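One structure is given below, encoded as structure tokens.
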Amino acid sequence: MQETFDLLIRHASIVDGTGAPRYAGDIGVRGDRIARIGDLAASRGAVEIDLAGRIAAPGFIDAHTHDDRLMLSSPDMAPKVSQGITTVVAGNCGISLAPMPRPIPQPVTPPLNLLDEEGGWFTFPTFASYIAKLREQPAATNCALLVGHTTLRVATVDDLGKPASPEQIGQMRALVREALEAGAIGVSTGLFYEPSVAAPCEEVIDVCGPLKEFDGIYCTHMRDEADRVIDSLEETFRVGREVGVPVVISHLKVVGEANKGRSKEALSFIEKNMANQPICVDCYPYTAGSTVLSADRAASSSRVIVSWSKALPEYAGQDLDAIAKKLGVSQEEAIRRLSPAGGIYFRLDEADVQTILKHDKVMIGSDGLPHDASPHPRLWGSFPRVLGHYGRLLGLFPLEMAIYKMTGLTAKNFGLKDRGVLREGAFADITLFDKDTVDEAATYEKPIAPARGIDTVIVNGVVVWGGGKPTGAHPGRVLAREAQAVEA
Ligand code: ZN
Ligand code: CU
């Protein structure tokens, strides 16, 4: 049978995102959907790509991002589409760009300054106004959006060192409801960060109250990822149980020398609880984390790289040790002079990272910080590093499993219907790559570099990355969550 398509991908090795073994076939795209998969030798496409046996996979879904502002300020989304990502989950770690119904404090309260140090982007009084802007000026990628509890606290609580009052909780609940009505898929918290440390579990449960009615999801950067990681997991599960919604544990890790090896304990505690309630987990594939620069985080790290500094921007990309020596001061004094600033902290154990990464329920999320002058390489490298370094070179998992952890599993967990799988009728979010060369090019020394081996990236049937650069097309959409109707 001869058919015509808008886009025809020939001679693909198809990894469909469900974990099933790859198979050979052609993919015909019409409009924003996959119209046909099979032997399409007799058919024609207005545009044709011959893969000659290279891989076609569902576009990758970045389960954990801070791309709230990037989608508006750099809609080409080069750090993301260059590594095959077609959908980002934004608003993580309690930090969302919207809503901000009153003027943001100056200087911008950390960690909200990770999105915008100046504060000029925190101007959406409602979540609906933020989503309207994303629809009016779409990005290259799709997005699913969380509303951040720390943003809500900064917007409503005057003394961040205290639990919110019943009245402030009422205001935050109203803002959560507004966000969910506008199209947010859930709430995130960052109970680890100063502005939310004083929030007891009861405050989180109250603020998240509206989630149940909207089939929303709860994502958390937990209170403690070090000595008290099990307590933090228990607190997270309690929120899920009491609110009656699925939880996502963001960037699961066990921090610090004293907790080396405890990834197994954390994972078995999670597995045990998975039997009773829906629990999802993401992680990034590196032994260093990155966030606001602080003395206590630096003290528990074997090495620190400064990723940005407002006061002394020329030191971005250099080791804190070396900066302190140059300035002739202690590390603490160097941090004081650099701040506000960001840091990359080496304080995870490689074996723990691998144990978490290869667990078959764990999704891949980059946690990239797109506005840092010298960002953690995870911003540009996470997904190809999983495929290349961890998959092909270290053999942590077969290609089909690696792809599942960045597509089908993620779509199922977040309720992204017809995404994350290659099948007839699904949206045409497709990444074409060479399995033998795909890998990160970004390093700690040279963190801004497009991945190797990613040929072409397609979002809603439109090519957004090809020939090593963004095409300038911005077909991204704001995705809804459909809790019930997702297969993978
Ligand atoms: Zn976080
Ligand atoms: Cu994060």
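A few points about this structure:
- Residues in region 436-457 that are charged (D, E, K, R), assigned to a loop (DSSP other than H, G, I, E, B) and surrounded by fewer than 20 Cβ atoms within 10 Å (Cβ to Cβ): Asp436, Glu445, Lys446.
- Qualifying residues in region 107-143 (those that are in contact (Cβ under 8 Å) with a residue 40 or more places away in the chain and among the polar types (S, T, N, Q)) - the one surrounded by the fewest Cβ atoms within 10 Å (Cβ to Cβ): Gln137
- Across region 144-164, the number of residues qualifying as surrounded by 15 or more Cβ atoms within 10 Å (Cβ to Cβ) and among the charged types (D, E, K, R) comes to 1.
- At least 3 residues being closer than 25 Å to Asn413 by Cα is the threshold, and among the strands (runs of 3 or more DSSP E) wholly inside region 254-332 those reaching it are 279-283.
- Region 399-435, residues that are more than 21 Å from Trp380 (Cα to Cα) and part of a loop (DSSP other than H, G, I, E, B): Gly415, Leu416, Lys417, Asp418, Arg419, Val421, Leu422, Arg423, Glu424, Gly425, Ala426, Ala428
- Hits in region 342-387 (condition: among the charged types (D, E, K, R), within 16 Å of ligand 1 (Cβ to nearest atom) and assigned to a helix (DSSP H, G or I)): Arg378
- Only one entry in Thr65, Thr18 is assigned to a loop (DSSP other than H, G, I, E, B) and within 16 Å of ligand 2 (Cβ to nearest atom), namely Thr65.
- Of everything in region 173-200 that is part of a loop (DSSP other than H, G, I, E, B) and within 14 Å of ligand 1 (Cβ to nearest atom), the residue that is farthest from Val245 (Cα to Cα) is Tyr193.
The numbers here are math on the coordinates, done by the rules we state, and not lab data. Being a predicted model, the structure only gives us computed values, none of them experimental. Using ideal geometry, Cβ is built from the backbone for each residue, glycine included, and neighbour counts are taken over all protein chains shown.
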